[in-house]
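Below: one structure, written as structure tokens.
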Amino acid sequence: MKDILTAPFVEEMKRTTANMYRLGWDERNGGNISMLLDEAQVAEYLDLNKVIRTIPTGFKADMLIGKIFIVTGTGKYFKNVEFDPANNLGIIRIAADGTTAELLWGYSDGGRFTSELPAHLMSHMARLKVNPENRVILHCHPTYTLAMNYVHELDEKKFTHTLWETCTECMVVFPDGVGVLPWMLCGTNEIGEATAKKMEEFRLVVWGLHGLYGAGKDIDEAFGLVETVEKAAQLYMISAHLPRINTITDDQLREIAEGFGVKYREDFLN
Ligand code: 2HA
Ligand code: ZN
């Protein structure tokens, strides 16, 4: 059996959490990441018959029975993951009842997965239906995107349009747009269900006045989506109060979509 601390998926979680912390997107215990793992790959590092303990999830995830995820821990700080992965991360498998998580590794101080597990697992289910390759859901509090939530209408067409017209890359990176939820209480099944509903249409979902969710086939895709939204939001926030002399027009946005051959939300243009 190989040492789990050398597993590429543990390494990637360490690198990503540290990176997100230093970008200022994950203060204190803010943010959470879940990544669907390949069972055969996990079996190189862990005895899959050895369940350390079971933890109820509080909802049913039939579609994910037997699936294994690496998930950040509740109350844990992204800044600490790289120094103590076994305490700040956990590897869980959804048990045969669909409502229990079997802990295979991690949460070594007796902890448990992120309080946002409902939003993560429900989003995994929604994205897997759209794209069987989806493996990653990540959530964070990117500064400028969040600032934009306070000064821009929380309307997904208008929010997406503003981002698109702020940065040429946006139409290429998220032609499917950004879903927007109103402020809701986090950590609940309700916000999980609302997020998953949006994830049927979008790989990016704003939690109004809270933060952002990104989904992807790997961390690079999910992270890249969030990073591109955040870049556009930063440009917006440092320029929105100044007289606007130039903008990317709707015709140019169409030209970008056609030039890059991406299928985009035509109804989000004016
Ligand atoms: O896990 O970001 O949404 C901490 C949070 C809650
Ligand atoms: Zn949050």
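Count of the stretch 161-216 residues, restricted to those that are of a type in the set (S, T, N, Q) and within 18 Å of Tyr264 (Cβ to Cβ), is 3.
Mind checking which residues of the stretch 12-38 are in a loop (DSSP other than H, G, I, E, B) and either within 12 Å of ligand 1 (Cβ to nearest atom) or open to solvent by less than 10 Å² (accessible area, probe 1.4 Å) (or both)?
Looking only at the stretch 12-38, we keep the residues that are in a loop (DSSP other than H, G, I, E, B), and these are 23-31, 38.
Within the stretch 12-38, Trp25, Asp26, Glu27, Arg28, Asn29, Gly30, Gly31 qualify.
Residues of the stretch 137-159 that are within 16 Å of ligand 1 (Cβ to nearest atom) and buried (at least 22 other Cβ atoms within 10 Å of the Cβ): Ile137, Leu138, His139, Cys140, Pro142, Thr145. All conditions but one from (1) surrounded by 15 or more Cβ atoms within 10 Å (Cβ to Cβ); (2) of a type in the set (A, V, I, L, M); (3) not in a helix (DSSP H, G or I) apply to Met1; the one that does not is (1). For the stretch 241-262, which positions are in contact with a helix residue (DSSP H, G or I) (Cβ under 7 Å, 6 or more places away or on another chain) and open to solvent by 40 Å² or more (accessible area, probe 1.4 Å)? Matches in the stretch 241-262: Thr247, Phe260.
So is Gly75 assigned to a loop (DSSP other than H, G, I, E, B), touching a residue at least 60 places away in the same chain (Cβ under 8 Å) and either among the acidic types (Asp, Glu) or within 16 Å of ligand 1 (Cβ to nearest atom) (or both) or not?
No.
Look at the stretch 109-128 and say how many of its residues are part of a loop (DSSP other than H, G, I, E, B), in contact (Cβ under 8 Å) with a residue 24 or more places away in the chain and surrounded by fewer than 22 Cβ atoms within 10 Å (Cβ to Cβ). Residues in the stretch 109-128 being part of a loop (DSSP other than H, G, I, E, B), in contact (Cβ under 8 Å) with a residue 24 or more places away in the chain and surrounded by fewer than 22 Cβ atoms within 10 Å (Cβ to Cβ): 3 in total.
The helices (runs of 4 or more DSSP H) found entirely in the stretch 166-270 that carry 2 or more residues being modelled with pLDDT of 95 or more, more than 16 Å from ligand 1 (Cβ to nearest atom) and aliphatic (A, V, I, L, M) are 168-173, 219-239, 250-260.
Against the definition (open to solvent by 20 Å² or more (accessible area, probe 1.4 Å), under 23 Å from Asp218 (Cβ atoms) and part of a loop (DSSP other than H, G, I, E, B)), how does Leu48 come out, yes or no? It is true that Leu48 is open to solvent by 20 Å² or more (accessible area, probe 1.4 Å), under 23 Å from Asp218 (Cβ atoms) and part of a loop (DSSP other than H, G, I, E, B). Note on the stretch 167-188: residues that are in contact with a helix residue (DSSP H, G or I) (Cβ under 7 Å, 6 or more places away or on another chain), within 16 Å of ligand 2 (Cβ to nearest atom) and open to solvent by 40 Å² or more (accessible area, probe 1.4 Å) total 2.
Annotation: of all residues in the stretch 209-234 being over 10 Å from Leu138 (Cα atoms) and in contact with a helix residue (DSSP H, G or I) (Cβ under 6 Å, 6 or more places away or on another chain), the one that is surrounded by the fewest Cβ atoms within 10 Å (Cβ to Cβ) is Leu209.
The values are calculated or read from the model by the stated rules, or taken from the named source; none is laboratory data. Bear in mind that the values here come from a model prediction, so they are computed numbers and not experimental data. In this analysis, Cβ positions are derived from the backbone assuming ideal geometry, glycine residues included, and neighbour counts consider all displayed protein chains. Accessible surface is based on the protein model in full, side chains and every heavy atom, while ligands, DNA and RNA are left aside. Shrake-Rupley method; radii C 1.70, N 1.55, O 1.52, S 1.80 Å.
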